[in-house]
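Scroll down for the structure; my scribbles are underneath it.
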Amino acid sequence: MSIIIVSDVFGITPALLTLKDKLGANTIIDPYEGKSMDFINEAEAYSCFITTVGLDRYVSKVVGRVESLDSQTTLIGFSVGASAIWRLSTNKVNHIIKQAFCFYGSQIRNYTNIEPCCKINLVFPKNESHFDVSKLKEVLTTKHNVITTQVEYLHGFMNYYSSNFNQVGYEQHVALLCSNTS
């Protein structure tokens, strides 16, 4: 079984490469064709993502990569990567996806009509500034194949470069991912 990480707006970073190694992941899919962007902050990363890629193109890119797979795969996504995984979860390639772990995919709120065909674990932050996390969690919990968790950490807690990075939350969830993907 393979493990694929679907990055957030920061793309490939040294910390994400470290996470890839910790999880034994095979691949990282990122918005920038593998190019290290070295963003100064989240605002710069988000602005670049919106102006050069966008969620629809990112979803297409992830679908293209998943369609080329020939063995069971676990997808692990962060922020826009999590939202991309959620969007492709109804795709016909879902037979290849064993499970997915989606961390703080805030755009999921715009696609609550999706009924995933594979097991998806959604990890939501303590709160989000643009919507009520508890209400979204309530809607998604009723769906087949969906497990939702709301943690005490903020959006970006798994990203070393985020102002919301939380070492304790990171370590807890790396251990959780390791135990659920081996």
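Once the Cα gyration tensor of the stretch 14-120 is found, what semi-axes does its equivalent ellipsoid get, as square roots of 5 times the eigenvalues, in whole Å, sorted largest first?
22, 17, 12
Which GluC sites (Glu not before Pro) does the stretch 59-167 hold that lie in a coil by DSSP with at most 11 other beta carbons within 10 Å?
Answer in residue order: Glu152.
Note the full-extension length gain between Asp70 and Ile40 as 0.36 nm times their separation in residues minus their Cα-Cα distance, in nm to one decimal.
7.1 nm
Given the rule -39500 (n - 2.57) for each run of at least 4 DSSP H residues, summed and divided by the residues of the chain, what is its mean residue ellipticity at 222 nm, to the nearest 500 deg cm²/dmol?
Numbers: 6 runs with 67 residues, N = 182.
Helices in the chain give a 222 nm mean residue ellipticity of -11000 deg cm²/dmol.
Pop the C-beta distance of Ala175 and Thr51 into the FRET formula with R0 = 30 Å and round what comes out to the nearest 0.05.
That pair, Ala175 with Thr51, gives E of 0.25.
Working from the pairwise distances between different alpha carbons, so that the mean of 1/r is found and then inverted, what is the stretch 127-182's Kirkwood radius in Å?
On the way: mean 1/r = 0.0781 Å⁻¹.
After inverting the pairwise mean of 1/r, the radius is 12.8 Å.
What are the principal axis extents of the Cα atoms in the chain, in Å, biggest first?
Here the spans come out as 39, 36, 33 Å, largest first.
Roughly how big is the stretch 46-182's charge dipole about its Cα centre, with Cβ charges of +1 (Lys, Arg) and -1 (Asp, Glu), in debye to the nearest 20?
Dipole about the Cα centre, nearest 20: 240 debye.
Mind pulling the per residue volume of the convex hull built on the Cα atoms of the stretch 84-177? Å³ is fine.
Taking the convex hull of the Cα positions in the stretch 84-177, it is 97 Å³ per residue.
Mean shadow of the stretch 1-52, computed from the convex hull of its alpha carbons, in nm²?
Details: hull surface 14.2 nm².
Taking the Cα atoms of the stretch 1-52, their convex hull projects to 3.5 nm² on average.
For the stretch 19-59, which GluC sites (Glu not before Pro) are in a loop by DSSP, counting at most 14 other Cβ atoms within 10 Å?
Of the GluC sites (Glu not before Pro), the ones in loops of the stretch 19-59 whose Cβ has at most 14 other Cβ atoms within 10 Å are Glu33.
Given the pairs Lys20/Lys98; Lys35/Lys126; Lys61/Lys137; Lys20/Lys126, which span a C-alpha to C-alpha distance of over 21 angstrom in this model?
Lys35/Lys126; Lys61/Lys137; Lys20/Lys126
For the chain, what is the accessible area per residue in Å² when the probe is 1.4 Å?
Value returned for the chain: 47 Å² of accessible area per residue.
So for the chain, taking the charge dipole from beta-carbon charges (+1 Lys/Arg, -1 Asp/Glu), which of Tyr104, Tyr32, Ile120 sits furthest toward the positive end?
The Cα lying farthest towards the positive end belongs to Ile120.
The values are calculated or read from the model by the stated rules, or taken from the named source; none is laboratory data. Since the structure is predicted, the reported quantities are computational estimates derived from the model, not experimental observations. Glycine also receives a Cβ, built like all others from the backbone with ideal geometry; neighbour counts cover every protein chain displayed. SASA here: full protein model, heavy atoms, side chains in, ligands and nucleic acids out. Shrake-Rupley method; radii C 1.70, N 1.55, O 1.52, S 1.80 Å.
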